[in-house]
1. Can you find a residue in the range A:88-98 that is farther than 19 Å from A:Val371 by Cα, open to solvent by less than 40 Å² (accessible area, probe 1.4 Å) and touching a residue at least 60 places away in the same chain (Cβ under 8 Å)?
2. Any residue at all in the range B:206-224 that is farther than 23 Å from B:Pro85 by Cβ and assigned by TED's automatic domain parsing to the domain that holds B:Asp87?
3. Report yes if B:Ala234 is aliphatic (A, V, I, L, M), within 25 Å of B:Glu177 (Cα to Cα), touching a residue at least 12 places away in the same chain (Cβ under 8 Å) and open to solvent by 30 Å² or more (accessible area, probe 1.4 Å), otherwise no.
4. Pick from A:Val296, A:Val245: which is away from every other protein chain (no Cβ under 13 Å) and free of Cβ contacts under 8 Å to residues at least 40 places away in the same chain?
5. Filter the range B:160-198 down to the residues that are free of Cβ contacts under 8 Å to residues at least 60 places away in the same chain and open to solvent by less than 30 Å² (accessible area, probe 1.4 Å) and list them by number.
6. Is there a residue being outside any helix (DSSP H, G or I), of a type outside the set (A, V, I, L, M, F, W, C), more than 16 Å from the chain's Cα centre (by Cα) and not assigned by TED's automatic domain parsing to the domain that holds B:Thr194 anywhere in the range B:342-360?
7. Please determine, by comparing only the residues of the range B:237-259 that are over 18 Å from B:Ser195 (Cβ atoms) and β-branched (Val, Ile, Thr), which one is least open to solvent (accessible area, probe 1.4 Å).
8. Given the residues B:Leu308, B:Leu341, B:Leu262, which is the only one that is facing another protein chain (nearest Cβ under 10 Å), out of contact with any Ser or Thr (no Cβ under 6 Å at 6 or more places or on another chain), surrounded by 23 or more Cβ atoms within 10 Å (Cβ to Cβ) and aliphatic (A, V, I, L, M)?
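The values are calculated or read from the model by the stated rules, or taken from the named source; none is laboratory data. Only a predicted model underlies this, so the values are computations on that prediction, with no experimental measurement involved. Methodologically, a virtual Cβ is constructed for each residue, glycine included, from the backbone with ideal geometry; neighbour enumeration extends over all protein chains shown. Keep in mind that these areas ignore ligands, DNA and RNA; they rest on the heavy atoms of the full protein, side chains included. Shrake-Rupley method; radii C 1.70, N 1.55, O 1.52, S 1.80 Å.
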Protein chains: 2
Amino acid sequence: MAMARSIALKAVSTGLWSLNQSRSLSLPKPQTVRALSTTMSPPSKAVVYEHHGPPDSVTRMVELSPVEVKENQVCVKMLAAPINPSDINRIEGVYPVRPQVPAVGGYEGVGEVYSVGSAVKGLSPGDLVIPSPPSSGTWQTYVVKDHDTWHKISKDSPIEYAATITVNPLTALRMLEDFTTLRAGDSIVQNGATSIVGQCVIQLARYRGIHSINIIRDRARSDEVKEKLKALGADEVFTESQLEVKNVKSLLSNIPEPALGLNCVGGNAASLVLKFLSQEGTMVTYGGMSKKPITVPTSPFIFKDLSLRGFWLQKWLGADKAKECRDMVDYLLRLAQEGKLKYEMELVPFDNFHSALDKALGKHGSQPKQVIKF
Amino acid sequence: MAMARSIALKAVSTGLWSLNQSRSLSLPKPQTVRALSTTMSPPSKAVVYEHHGPPDSVTRMVELSPVEVKENQVCVKMLAAPINPSDINRIEGVYPVRPQVPAVGGYEGVGEVYSVGSAVKGLSPGDLVIPSPPSSGTWQTYVVKDHDTWHKISKDSPIEYAATITVNPLTALRMLEDFTTLRAGDSIVQNGATSIVGQCVIQLARYRGIHSINIIRDRARSDEVKEKLKALGADEVFTESQLEVKNVKSLLSNIPEPALGLNCVGGNAASLVLKFLSQEGTMVTYGGMSKKPITVPTSPFIFKDLSLRGFWLQKWLGADKAKECRDMVDYLLRLAQEGKLKYEMELVPFDNFHSALDKALGKHGSQPKQVIKF
């Protein structure tokens with residue numbers, strides 16, 4: 001994966017930052033002369049962090065100096081980029097793979113080609129592109145990366161979906177594909193059903209004729225939430241307390257037992273997913289929102305032959321999946337464009353980044369996905 | 001799988017029991033006449049239970065009437081049969097697959113062919129045989145079952161190993177084969193290492209050049225236990241309390257991180273197995289001796305890509321594995337005969353069944369495997 005411009009930040013007296021692109025120390029060669037004649041990017045306004053810590057205190061909006069756009073590189077004027085939970089974890093330093101500090105935040109997004117290096121083919125100014133597979137440093141107004149980082153998408157793509165199509169919807173799609181063979185009429189069970197991945201699971205399953213059994217936490221107005229998920233295509237929606245019954249499967253009407261369960265919560269919500277699973281079922285864990293561990297008695301492993309697995313999109317993408325990633329992103333964007341895949345987002349001007357970050361950090365309760373608009 | 005003689009027990013005034021073989025109610029056919037001329041088994045002394053409950057109170061030693069040995073059946077004089085934990089669970093009624101009551105106890109064992117039905121080929125009186133795959137009702141002096149239940153084994157097989165070769169050693173063998181590809185020089189980690197399966201794992205691994213990391217519970221004289229397991233071929237043996245360190249892997253010297261872990265304990269001992277596992281490792285659960293659940297934080301599923309699976313020999317055998325089962329039993333018996341596979345057993349005369357049962361139930365602390373000698 002091509003890295004973002006390698007940055008060495010230093011505070012300057014103006015309170016702004018300058019960026020010195022790190023260069024190789026080898027002696028000038030003929031190409032270097034040509035490189036010097038290439039275009040420069042505009043200066044870029046970016047959200048950066050110098051060290052790991054609480055995102056609301058370690059991130060700062062800075063101005064980065066123009067950088068050279070080398071012959072194989074493309075400069076993209078960013079249009080939109082989301083604040084995902086994994087972005088927050090990278091800044092906190094608790095994510096296993098993260099850019100070296102100092103770094104620009106963000107990992108996915110969408111932009112318009114601003115200028116291309118002299119050797120770049122297939123991309124021209126004005127093209128709509130996303131970094132695909134995603135790539136660090138999308139929270140800035142101009143991003144310069146190698147041309148093969150960028151995937152050209154249809155100009156009709158809705159911007160906010162283009163900005164967010166990989167991290168959440170692709171996770172949902174892969175989890176439905178990679179662990180069991182699902183056929184129309186089959187079912188799946190998931191907790192955390194109101195998350196964006198959860199909403200995508202409901203819609204992608206429904207699109208394939210697969211029933212979804214959905215578990216949500218107890219909350220005020222849970223009936224409204226249930227109706228909303230049913231409107232997306234959910235077959236069954238239960239609060240955790242509704243499932244405090246001897247046999248959860250007795251609550252299912254005309255839906256086969258699910259062979260696939262998806263868990264992004266842990267604790268009791270994970271145990272409930274396990275209770276729904278059929279013989280030889282698989283539960284895939286992709287998050288742990290409750291911060292509680294997964295607890296399983298011995299007997300379902302032995303006598304029900306359950307499997308517990310994990311899914312991490314970044315690992316999947318690392319396994320040479322660039323082509324597949326792009327094909328699936330195109331598929332998902334078509335669905336979004338046709339209104340078959342939707343989820344709530346709030347577009348926030350870049351200058352209001354820190355109030356969007358506060359919402360993403362949960363300081364104001366449940367909020368739609370925050371998407372920065374540059 | 002051929003069933004044991006179907007029994008309808010009724011108490012008789014003598015205190016003994018009689019057995020009426022259940023017959024079909026169809027009108028007599030010519031074959032029936034021939035069947036009547038077949039041999040009868042001797043009367044059989046058996047450990048039976050009429051209803052589920054505590055094995056020491058619901059089992060009784062009774063005498064069963066002779067039964068017909070039909071043309072495709074073989075009557076075997078039993079020589080030895082173990083009391084396995086799963087036999088106890090079947091009597092308690094907590095095992096998911098169990099014979100209908102009233103039933104004769106036992107599931108594996110070894111015997112000598114006593115008589116064969118008129119159509120039986122390939123088996124003759126005097127042959128040493130085991131029910132393979134195992135089959136219910138081995139706790140009796142004479143067992144009549146269809147000829148294809150019986151697997152003829154080498155007459156040189158040590159009787160106590162022939163009696164016990166399937167339930168424990170085959171579980172060990174399959175778990176080493178079925179979940180990961182292990183090569184010489186690789187390693188595995190297990191808890192419950194002093195169990196018979198655990199001891200078999202150590203020896204079968206060593207025989208293939210695979211290192212074993214073994215976890216035992218804290219106990220008096222743990223050094224003696226460690227030496228004993230090392231004499232069997234264990235590379236490393238740790239008590240649970242020795243593993244209360246920040247990084248358990250730092251305790252390994254010259255052994256690669258294991259990709260396979262085996263868990264028959266649960267609770268903390270299962271968590272310790274997980275801590276040793278390599279990236280993308282698999283933990284297989286085949287028992288839950290501590291009666292505590294398995295608890296896993298979210299992150300190893302996602303970022304270490306661990307898998308949790310289960311193994312149940314009876315399910316494996318149910319998948320049309322009779323031929324493979326017999327091949328592996330022969331392999332394991334050869335190892336036992338050559339002294340490469342060994343574990344402690346106590347042979348107990350059948351008349352002392354209930355004292356052996358008390359030992360198997362743990363009433364007298366840790367004891368060797370109890371094997372009934374008829």
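1. Step one: of the range A:88-98, the residues farther than 19 Å from A:Val371 by Cα are A:92-98.
Imposing the further condition that a residue be open to solvent by less than 40 Å² (accessible area, probe 1.4 Å) reduces the set to A:93, A:95.
If we keep only those that are touching a residue at least 60 places away in the same chain (Cβ under 8 Å) too, we end up with none.
No; the residues of the range A:88-98 include none that is farther than 19 Å from A:Val371 by Cα, open to solvent by less than 40 Å² (accessible area, probe 1.4 Å) and touching a residue at least 60 places away in the same chain (Cβ under 8 Å).
2. The answer is no, given that none of the residues of the range B:206-224 is farther than 23 Å from B:Pro85 by Cβ and assigned by TED's automatic domain parsing to the domain that holds B:Asp87.
3. Details: aliphatic (A, V, I, L, M): yes; within 25 Å of B:Glu177 (Cα to Cα): yes; touching a residue at least 12 places away in the same chain (Cβ under 8 Å): yes; open to solvent by 30 Å² or more (accessible area, probe 1.4 Å): no.
For B:Ala234, the condition - aliphatic (A, V, I, L, M), within 25 Å of B:Glu177 (Cα to Cα), touching a residue at least 12 places away in the same chain (Cβ under 8 Å) and open to solvent by 30 Å² or more (accessible area, probe 1.4 Å) - is not met.
4. Details: A:Val296 fails: away from every other protein chain (no Cβ under 13 Å).
That would be A:Val245, the only listed residue that is away from every other protein chain (no Cβ under 13 Å) and free of Cβ contacts under 8 Å to residues at least 40 places away in the same chain.
5. The answer is B:Ala172, B:Ala193.
6. The initial filter retains those residues of the range B:342-360 that are outside any helix (DSSP H, G or I), namely B:342-349.
Filter again for of a type outside the set (A, V, I, L, M, F, W, C), leaving B:342-344, B:346, B:349.
Filter once more, keeping what is more than 16 Å from the chain's Cα centre (by Cα): B:349.
Narrowing further to those that are not assigned by TED's automatic domain parsing to the domain that holds B:Thr194: B:349.
Yes, the range B:342-360 contains at least one residue that is outside any helix (DSSP H, G or I), of a type outside the set (A, V, I, L, M, F, W, C), more than 16 Å from the chain's Cα centre (by Cα) and not assigned by TED's automatic domain parsing to the domain that holds B:Thr194.
7. In this case the residue turns out to be B:Val248.
8. B:Leu308
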